């Protein structure tokens, strides 16, 4: 069961990623990105990372993608359907991308992966929470200060100058 | 009924795991879809009658063009549904056809898959996930994408303004709603829907049921913050500025008609059910009886859950005929300057209360 489902989800994720890159219409690219994000969330579920999958959907689909769509609709003449973009330097891009693909593939195949023979975790949220509040408290707090700074900065920028 | 049990049972039966998986998902999904459809019919009838009674009218009473709409207009929602199904499917010539067709499905899927985590009683839940509440909050964001796609692909300025307003509103109100749910998670220590309900067993303060709403003053406030944000996330009056008919024709749905419009309609009602369901599970004890230990059997559990959800939906309809529509700036002010500070105060207050009261 899992393997068939895995291939379907992987196909959706990669196929829609191709649409994101190759489609000429910016809005179509953004919508294809929904399916890429959902596919990646599905792959997280296969890794027994259910909480990560939820975060993926909430942050990327519910937050970042909405922001992208808003950006598209606000920056262009919002009532025009023809929002297009063109791809430059396709030859150089292809060479670099294929190079990165082979390097990554070679690394994935060559790395002696650490295999832990352990029971599949049934619950990940509690562990993540405990680790965030103990071992990784400092990075967690630093990230929140950074986000707060970004928030205040955004409010300052969008404010009308008095 | 969890889907895993079904998959195991079917896998033993058919000896072909892929088929068992598909069958189990269909066995869960088809009744859920039928439930939404039947519930929507009931809710439409309820809305027609409730709105009429609140305006001192009688509502649908057996009239109809050539058709008799039944005693007390009971067949009115059936007639409405048939009308929507049989109506001509119009796609505007200048619309983006592919996305125009896709949009209602994205919106409906966002509402539909949330039903997978709603516990109807002690056993009746499609999948009792570890991240149940979080799952519902996460997948409900798909609806926003669907609304933007609908507004943009219609190629109509009213649709586009409706979509912009509606998505800005939903994204904003998601924050106080999610922060109010954090209060529930702090008290119960779990994200699983059944776990949250099981935590609300017994009595609190000696007389009240141990529902989270009654556990301390901050949770009482959190329920109202959540419910108001929830009404706003459904884009219902008084927060229906995205489809304000006096200024935007019908907002996002301007160009939609027939079956495609019906899907938006169905999603709105499904979203009302989900918001009320999460409020009932998170704050009102889910399938627990109001009198602990009294009528707690699974059948009664189903009744209590549907009763609580029904009451909350009734309150939403009550809102609609009581409050005038808010202006856009008032809408955003309420979200960011009233509800959000209150939600943060609730988290802070519940934390201190838990430490001091030790519970």
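In this entry, residue A:74 passes the filter for residues that are facing chain B (nearest Cβ under 9 Å), loosely packed, with under 14 Cβ neighbours inside 10 Å and in a helix (DSSP H, G or I).
Taking the criterion of being touching a residue at least 40 places away in the same chain (Cβ under 8 Å) and closer than 18 Å to residue B:131 by Cα, would at least one residue in segment A:15-38 satisfy it? No, that holds for no residue.
Return yes or no: is residue B:336 more than 29 Å from residue B:52 (Cβ to Cβ), surrounded by fewer than 15 Cβ atoms within 10 Å (Cβ to Cβ) and in the same structural domain as residue B:186 (by TED's automatic domain parsing)? So residue B:336 fits the description; yes. Evaluating residue B:186 against the criteria (1) buried (at least 20 other Cβ atoms within 10 Å of the Cβ); (2) in contact (Cβ under 8 Å) with a residue 24 or more places away in the chain leaves one unmet condition, (1).
Conditions (1) more than 8 Å from chain A (Cβ to nearest Cβ); (2) more than 16 Å from the chain's Cα centre (by Cα), marked per residue:
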site: B:139; (1), (2): no, no
site: B:142; (1), (2): no, no
site: B:172; (1), (2): yes, yes
site: B:193; (1), (2): yes, no
site: B:206; (1), (2): yes, yes
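Restricting to segment B:272-291, and then to whatever is under 14 Å from residue B:214 (Cα atoms) and surrounded by fewer than 21 Cβ atoms within 10 Å (Cβ to Cβ), can you tell me which residue is modelled with the lowest pLDDT? Per the stated criteria, the residue is B:291. Cβ-Cβ contacts under 9 Å between residues 6 or more apart (or on different chains), taken from a first residue in segment B:37-62 that is on the phi > 0 side of the Ramachandran plot to a second residue that is outside any helix (DSSP H, G or I), are listed as B:62/B:68; B:62/B:69; B:62/B:70; B:62/B:74; B:62/B:75. Please work out if residue B:133 is facing another protein chain (nearest Cβ under 10 Å), under 27 Å from residue B:340 (Cβ atoms) and modelled with pLDDT of 85 or more. Criteria met by residue B:133. Listed conditions (1) at pLDDT 90 or above; (2) closer than 26 Å to residue B:163 by Cβ are all met by residue A:58, apart from (1).
Only residues that are part of a helix (DSSP H, G or I) and surrounded by 21 or more Cβ atoms within 10 Å (Cβ to Cβ) were counted in segment B:224-238, giving 9. Tell me, please, whether a residue that is modelled with pLDDT under 80 and touching a helix residue (DSSP H, G or I) at 6+ places or on another chain (Cβ under 9 Å) can be found in segment B:102-116. No, that holds for no residue.
The values are calculated or read from the model by the stated rules, or taken from the named source; none is laboratory data. All values derive from a computational prediction rather than experimental measurement. All Cβ positions, glycine included, derive from the backbone under ideal geometry; neighbour counts span all protein chains shown.
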